[in-house]
Amino acid sequence: MGKILVVEDNLELNETLKEFLEFSNFEVVSVFDGEEAVVKSYENHFDIIILDVKLPKLNGFQVATKIREFSNIPIIFLTSLDDEKDIEKGFISGGDDYLTKPFSLKELKFRIEAILRRVYHNHKIVKIDNF
């Protein structure tokens, strides 16, 4: 269905996202810091990036800005920062969507699918009920 880069430094949440997205038929690569996210996104083709803001080495806003120097890959921020200024920063730095924690896994999936449909025009929705 698509290849996703998950950038989340919380090991448990990273694993939950990976399992859920793989269950939803996505191929997932996980990284845990901002520098690694930039390198992976430069060296590989991903269809979308799920990006936390509070990361070691480079924060998510810095990561998005650097990625925008070489790619238009869709980016969804997934973060606990819910202040309007942070949301604005997310979009200004190159984000396509911004979802605050806590969040619904199904809502994240819907947002991913909506962006993929818009950007790639051939993405199919897969219904999941048992996760």
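The values are calculated or read from the model by the stated rules, or taken from the named source; none is laboratory data. What you see is a predicted model, and the numbers here were worked out from it, not measured in a lab. Neighbour counts are summed over all protein chains in view; Cβ atoms, including those assigned to glycine, are modelled from backbone coordinates with ideal geometry. The accessibility values were calculated without ligands, DNA or RNA, using every heavy atom of the protein model including side chains. Shrake-Rupley method; radii C 1.70, N 1.55, O 1.52, S 1.80 Å.
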Points 7 angstrom from Cα along the Cβ direction at E107 and F70: gap in nanometres? 3.4
Using the Karplus equation 6.51 cos²θ - 1.76 cosθ + 1.60 (θ = phi - 60°), what ³J(HN,Hα) coupling, rounded to whole Hz, does each residue of segment 24-34 give in order, writing x for Gly and Pro? 8, 6, 9, 8, 10, 10, 10, 9, 10, 8, x
Summed over the other residues with a beta carbon less than 15 angstrom from that of K89, with K and R at +1 and D and E at -1, the charge totals -4
With a probe of 1.4 Å, find how much accessible area the chain has per residue, and write the answer as a whole number in Å². 53
Would you please name the chymotrypsin sites (Phe, Trp or Tyr not before Pro) within segment 66-109 that are DSSP coil residues with at most 15 other C-beta atoms within 10 Å of their C-beta? F70, F103
Total lysine pairs whose alpha carbons fall under 19 Å of each other in the chain (8 or more apart, or interchain): 29
Would you kindly calculate the mean projected area, averaged across all directions, of the convex hull enclosing the Cα atoms of the chain, in square nanometres? 7.2
Looking at the P(r) of segment 77-121, how many percent of alpha-carbon pairs lie beyond 12 Å? 62
Length released on extending from L13 to F91, taking residue separation times 0.36 nm less the Cα-Cα span: 25.8 nm
Please sort 35-44, 48-57 by packing, taking for each peptide the average over its residues of neighbouring beta carbons within 10 angstrom, highest first. 48-57, 35-44
Just need the relative contact order of segment 1-64 here, percent rounded to a whole number, with Cα pairs under 8 Å and 6+ apart. 42
So how tilted is helix 11-23 from the main axis of the chain? Cα-based, degrees 0 to 90, rounded to 10. 40
May I ask you to give the percent of accessible area on the chain that is carbon plus sulfur, with a probe radius of 1.4 Å? 49
What's the local net charge at T79, with K and R +1, D and E -1, over the other residues with C-beta under 9 Å away? -1
